[in-house]
Amino acid sequence: MKKLNSILLFACLAAYSVPSWACTLNMGLNLKYGSNTSIVSLVYNNHTYNNVYAGALSATLTPTSALPKGYPSSFDTYCVDLNDDITVPTSYCVTMQPISGLANGGGMAWLYDQYVNNLMGSVQPSANPKYDQSAGLQIAIWKVLADGESTNLSSGNFQYLKTDQIASDANFYLTQWANSNYQTADATWLVGGTYNNATNHAQNMIGPPVPEPSVFALMGACMIGLTTFGWSLKKKRIES
């Protein structure tokens, strides 16, 4: 019993320091909107980048047996990495990490959680194509990644200088986030490994949050262990 209590107590401490759902998987990526995917130019750290795909990618994670319970194997994803590039379609190894480990991760998670499945929602349901709305969301995510609470697309470390529909949509998402008092949310940070057998890294992406029940189950085991541990101490005092 003493050994079991020690194991459970260790598990409780680990639950607050290391994500129990970290694992390494293969991620396949395809353009969600195919040839309609928006191609943009942007400025990042005073460098101009042309012909950049902006918008949702369709992700598939394998092996599914390595996924946390209840986590989807297929979902829409967005890039949260302006320092690395990839050519789609592709696949590479990723490690699942908490979004809190990424600077401004909570803000990007809020945008992702709010709009990944509904984009502009009921605000402008038919104002422009989904692929442009999706590109606007990608631009907004990149802006939060690079500049935190700044919502001005024409200044800062990240800039999108065109005054087109994509810029309008990006401003919509950023305004909604600003009106929420820069609320944060949860998501999964999919950290890319080496790419094309080279030393550079593949892009990091964002995915759905890990379902809570797995955390609750561990916490339940902690409570049982602590209760049992407390009872054994009480019993020892009585016997002595």
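Below is a table of values for the structure above.
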item	result
Residue within the range 148-164 that is surrounded by 15 or more Cβ atoms within 10 Å (Cβ to Cβ) and part of a helix (DSSP H, G or I) present	no
Filtered residues of the range 31-77 (kept if among the small types (G, A, S), surrounded by fewer than 17 Cβ atoms within 10 Å (Cβ to Cβ) and touching a residue at least 60 places away in the same chain (Cβ under 8 Å))	S41, G70
Breaking point among (1) out of contact with any Phe, Trp or Tyr (no Cβ under 7 Å at 6 or more places or on another chain); (2) under 23 Å from G148 (Cα atoms); (3) not small (G, A, S), for L61	(2)
So S134, is it modelled with pLDDT of 95 or more, loosely packed, with under 15 Cβ neighbours inside 10 Å and under 20 Å from V40 (Cα atoms)	no
Output for the range 185-206, where each listed residue is surrounded by 18 or more Cβ atoms within 10 Å (Cβ to Cβ), part of a loop (DSSP other than H, G, I, E, B) and modelled with pLDDT of 90 or more	A187, A202, Q203, N204
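The values are calculated or read from the model by the stated rules, or taken from the named source; none is laboratory data. Everything numeric here is computed off the predicted structure, so don't read it as measured data. Note that each Cβ is placed from the backbone with ideal geometry, even for glycine, and that neighbours are counted across all protein chains shown.
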